[in-house]
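Derivation of every value follows stated rules applied to the coordinates shown; laboratory data play no part. Given the structure is predicted, the values throughout are model-derived calculations rather than measurements. Ideal geometry is used to build each Cβ from the backbone, glycine not excepted, and the neighbour counts take in all protein chains shown.
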Ligand SMILES: Nc1ncnc2c1ncn2[C@@H]1O[C@H](COP(=O)(O)OP(=O)(O)OP(=O)(O)O)[C@@H](O)[C@H]1O
């Protein structure tokens, strides 16, 4: 499902250049759920951004579902991203839309027509039905995170890339929601790459990798 091969990425910080990813390799099979752990600043979010086609590596090869990402135009990458589910550190909910409209936004953009299915298989298990007509500013951080997760799943992507929010959630709430999310991806048979700081959440997935000095280690 995912092949990252010998990927290098450098970043300019002040006057110096830092190598964030150093001949980084990753293989994830279809239906497999993988946790990525590592110290703050190790490059975990950067790796997810590369797989999502939001950034390009300096060298190396990234392939998702048989398609290579290099050489694609911005428009092609945008099309590619419509087929995956992204949960990033900022929830980016649309403040003028209800929970229902936020969750179903991607689903409608993709011209899908199974809103009841989304409610039954995604919104229900994530506990969103009582919140369905509320607006994001009426929700707690954990509730907003659950809405962001439902939105990422609602267009039925086969691959989910998730970067655990670290900022505005307390650790317990963050872990609870991510554990629920991990469980839901298993029920739906999805491929998941999740950045997490929580060993407890990571232990619920099939494999944990550690990003250290630009490479992934078991
Ligand atoms: N736009 C940028 N310009 C320059 N350096 C950046 C930029 N974005 C991130 N970095 C640097 O790249 C490195 C990797 O960042 P990244 O966000 O991928 O780390 P992370 O492992 O996800 O960290 P955290 O766990 O704190 O979210 C860090 O040293 C960071 O300072």
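Once both labels are modelled 7 Å past Cα along the beta-carbon direction, what's the residue 82-residue 137 spacing in nm?
Spacing of the two 7 Å Cα→Cβ label points: 3.2 nm.
May I ask for log10 I(q)/I(0) of segment 24-104 at q = 0.13, 0.18, 0.20 Å⁻¹, from a Debye sum over the Cα atoms as equal point scatterers with solvent left out?
With one equal scatterer per Cα and no solvent, log10 I(q)/I(0) is -0.53, -0.95, -1.10.
Past the 24 angstrom mark, what percentage of all C-alpha to C-alpha distances in segment 119-218 do you count?
It works out to 23 percent of all Cα pairs.
Measure nothing fancy, just the Cα-based angle from helix 141-153's long axis to the longest principal axis of the chain, in degrees from 0 to 90, nearest 10.
On a 0 to 90 degree scale, this one is about 80.
When you have a sec, figure out the Kirkwood radius of the chain from all distinct Cα pair distances and drop it here in Å to one decimal?
17.8
Just grab the label-to-label distance for residue 16 and residue 29, each label 7 Å out from Cα along the Cβ direction, in nm (one decimal).
The modelled label-to-label distance comes out at 4.1 nm.
Fully extended, how many nm does the chain gain between residue 1 and residue 111 (0.36 nm per residue separation, minus their Cα-Cα distance)?
On the way: separation 110, 0.36 × 110 = 39.60 nm, distance 2.46 nm.
Full-extension gain reported as 37.1 nm.
Among the DSSP beta bridges whose two residues both lie in the chain, what percent are antiparallel, rounded to the nearest 5?
If I count the DSSP bridges inside the chain, around 55 percent turn out antiparallel.
222 nm [θ] for the chain, helices only, -39500 (n - 2.57) per DSSP H run of 4+, per residue, to 500?
-8500 deg cm²/dmol
Project the alpha carbons of segment 82-164 onto their principal axes and report the range along each, largest first, in whole Å.
Principal-axis extents of the Cα atoms in segment 82-164, largest first: 29, 27, 23 Å.
Using the basic label-point model (7 angstrom from Cα toward the beta carbon), what is the residue 68 to residue 94 distance in nanometres?
Going by the 7 Å Cα→Cβ label model, 3.7 nm.
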